[in-house]
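Everything on this sheet refers to the single structure shown next.
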Amino acid sequence: MAGVCATLLLSGCSRQHYEERGKADAPVAGRAGEDSPAEVYNFPDGFGNLATKCVGAGKRAYATTKFVQQKDDDDVEIVPANAVIVDDPTCRAAR
């Protein structure tokens, strides 16, 4: 019984679930691209989280999110609140 419950819970978190709703990552031609994880800083509930990573030689991106939930829908929507790219000499070109 626990296995069935876990399967049902996790099935809502699948990539297909988000792709069908237009919320998955955009496809990258030939699966080529830099996909290292970002550093994520979690803030208390009600505040946007912050993610940052190098996005090219000498460039760093910062993005925040905010949590939004529709009152008439139980599907959670994560909305980008802000994104910026700044100069960062510590970011090197991908090898």
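Every number in this text was worked out from the coordinates using simple rules, so none of it is lab data. Just so we're clear, the structure is a prediction, and the values are computed from it rather than from any experiment. Don't worry about glycine lacking a Cβ; one is built from the backbone with ideal geometry, like all the others, and counts go over all protein chains shown.
Here is how the numbers come out for the structure above:
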| read-out | value |
| --- | --- |
| Amide H contacts under 5 Å for Ala81, placed H, 5+ residues apart | Thr64, Thr65, Lys66 |
| For Asn49, net neighbour charge (Lys/Arg +1, Asp/Glu -1) across residues whose Cβ lies under 13 Å away | -1 |
| Burial ranking of peptide ranges 86-92, 57-63 (average Cβ count within 10 Å, highest at the top) | 57-63, 86-92 |
